[in-house]
Structures are given as structure tokens and as C-alpha cells.
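Beneath this line is the structure, given in C-alpha cells, with notes to follow.
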Number of protein chains: 2
Amino acid sequence: MTTSAQSFAISDVAALTGLSTHTLRYYERAGLMLHPIDRSSTSQRQYSEADVAWVTFLTKLRSTAMPIARVRDYVELARRGEDTSAARLELLLIHRMNVVAQVEEMTRSLAAIDFKIATYQERITV
Amino acid sequence: MTTSAQSFAISDVAALTGLSTHTLRYYERAGLMLHPIDRSSTSQRQYSEADVAWVTFLTKLRSTAMPIARVRDYVELARRGEDTSAARLELLLIHRMNVVAQVEEMTRSLAAIDFKIATYQERITV
DNA sequence: ATTTGACTTAGAGTGCACTCGAAGTCTTAT
DNA sequence: ATAAGACTTCGAGTGCACTCTAAGTCAAAT
């Protein structure tokens, strides 16, 4: 349920990001959010649109195998303010290289799998 | 076909595949080898070239996130003989779809990371 | 008024894939 | 002859990232 003030309940964010509410709370505890999420009068989390955008980006980092601890490093830099932006850029550039390497390795493995598949298909169709 | 009968010590296979000797023994214990590896008179493992080729392919399956249990399923089919080759092909085709999906997701995430990188680079160069 | 369901916390448990330790045997090098 | 180093087995330990439990609060729905 969204309120008129453009905030999102934890279940909304779960639905939007594909994370479970457990995982969202875990991420916050683990220091992966840029700040503690706002609470309602009944102390329920109210995610802003910016919070949702951050969680979405965070899932991109995670889906490219950035460890939780590295995400936390990034967040801690971000919390220290504008003068860490060069360090954050460097962190992202290093991660980018890792991602490219991962995609390349996957692609090489895919070629090997395709080769094996081709031998099976030969055996069946011949 | 050459019958050079070349065999490899576990340390050789480790060097060739990038796996540790611990992991190679673990894989054998976990039922990921097509058969128990031959032993020397001093009961040390002697991997054949075919064994090394299998370990190499196995690392391709693992590097594309096929779970150990799925690799074991594949191996158990292979051990049951020729009449399981259609099932093995199907298993590989399903895995192939997963790999393609993974690469696509990684590529999408990479685009998001690149977008973020671009915003940092703007901020720095401006 | 009661039930349903979402939410809260701290902390424990799970599953995966290694990874290592202990205690021992055997081979090779000095 | 001694030491170094590779190997063996069984089983325990590790690290990561969740994932769930228990015990409780709160608010809307029936």
C-alpha cells in the first residue's frame, strides 16, 4: 500500500525489487542502505522513491556478484559525502572490470556447453 | 585415436583446471566423476586425459552456476549408459537457457552500473 | 469483539560449496 | 638417515547470503 506521500511499505519494495521483506530488513541491518529507513507513527518502514531506486541499483550490484561487504564499502563512502565520489567511481570501475570478466567467462563456458550439446544432437539425429 | 595412456597426478589436474586438490577429492566424493579415478600401486589417483577433459567440462558447468546436485544428476544419467543421452541433452538445453538468462541479466545490470559510472564521470569532469 | 494479516525485534538456523585439520603413509631429495 | 613434501582418509570447520523462528504489537476487516 502506498501512501499519498509517495512512500512505500516494505511489502511494496519487496514486490518492486523481487527481494523478500526478510532480505530488505537484513540489508538494512547489514548497513547496505544509505540511511535508516523512515518509520511511520507505528514504526513501520516507509521507503521513499529514492530508497527504492537505491535498492534497485543495489540488486544490480548483487546480481553481478558484488559481495555484501563491498556494497557496504560503497555505502560508507557515499555516507561520508561528496568528496568520496572519486573513490566510489573507482570502486564501480573495478567492479565493472569484474563483471565484464564474468560475462566473458560465462560466454566461453556457454560455447563449451553448446559444443557438447551439438555432439548429443548429432548422435540423436544421425 | 591415440592410446598414449598418459596419466595425471591430482596436483597436475589441479594445476590444469584451477581447482584445488581438496576440491578434486571433494568432487569425486560428491559423485561428480563419471567413475572412481584409477589408483597407482601406492593408491594415488591417476587421472586419464578423458578424466581431465571431464573435470574441465565440469568447471564450465560450475562456472555457469549449475549446482553440484544437477551435475550429479547429469553424471548419474551418463553412468546409466547410451539410452540416457536424450535426457542428458535435455538437461544441458535447460541449463543453456539458464546461462543465457544469466548473461542477459548481467548485461542489463552492467548497463545500470555504466549509467551510474557516467554520472560520476560527469560530476568529476564538470 | 475477534480474527487475520502485516509488521516489529533479536537471534538462531539453513544450504551451498568448498576448505581445512588431524593423523597417518609413502616417495624423493639431500 | 633424515627431512621434506605429496599423498591418503574421515570428518569437522568456514564463509557467505540469506531465511526463518519466536514472541510480540498493531490496524483493518468481518
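Numerical summary
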| read-out | value |
| --- | --- |
| Yes/no for B:SER11 being farther than 30 Å from A:VAL103 by Cβ and within 16 Å of DNA strand D (Cβ to nearest atom) | yes |
| Output for the range A:77-94, where each listed residue is open to solvent by 60 Å² or more (accessible area, probe 1.4 Å) and basic (Lys, Arg) | A:ARG79, A:ARG80 |
| Number of the condition not met by A:ALA101 [criteria: (1) within 14 Å of DNA strand D (Cβ to nearest atom); (2) of a type in the set (A, V, I, L, M, F, W, C); (3) part of a helix (DSSP H, G or I)] | (1) |
| Neighbours by Cβ (under 9 Å, 6+ apart or cross-chain): first from the range A:60-79, at negative phi; second near DNA strand D (Cβ under 9 Å from one of its atoms) and of a type in the set (Val, Ile, Thr) | A:LEU61/A:VAL71; A:ARG62/A:ILE68; A:ARG62/A:VAL71 |
| Yes/no for B:ASP73 being more than 21 Å from A:ALA112 (Cα to Cα) and in a helix (DSSP H, G or I) | no |
| In the range B:95-126, residue nearest to the other protein chains (Cβ to nearest Cβ) [restricted to those that are of a type in the set (A, V, I, L, M, F, W, C) and loosely packed, with under 12 Cβ neighbours inside 10 Å] | B:ILE124 |
| The listed residue being assigned to a helix (DSSP H, G or I) and hydroxyl-bearing (Ser, Thr, Tyr), out of B:TYR47, B:TYR26 | B:TYR26 |
| Scope the range A:16-30; condition of a type in the set (Gly, Ala, Ser) and within 11 Å of DNA strand C (Cβ to nearest atom); matching residues | A:SER20, A:ALA30 |
| The range A:15-27 - residue that is within 11 Å of DNA strand D (Cβ to nearest atom) and within 16 Å of A:GLN44 (Cβ to Cβ) and, of those, most open to solvent (accessible area, probe 1.4 Å) | A:HIS22 |
| Hits in the range A:31-48 - residues which are more than 20 Å from A:ARG80 (Cα to Cα) and surrounded by fewer than 11 Cβ atoms within 10 Å (Cβ to Cβ) | A:ARG39, A:SER41, A:THR42, A:SER43 |
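The values are calculated or read from the model by the stated rules, or taken from the named source; none is laboratory data. None of the values given here were measured: they were computed from a predicted structure. Methodologically, a virtual Cβ is constructed for each residue, glycine included, from the backbone with ideal geometry; neighbour enumeration extends over all protein chains shown. Protein only, heavy atoms only, side chains kept; ligands, DNA and RNA dropped before computing areas. Shrake-Rupley method; radii C 1.70, N 1.55, O 1.52, S 1.80 Å.
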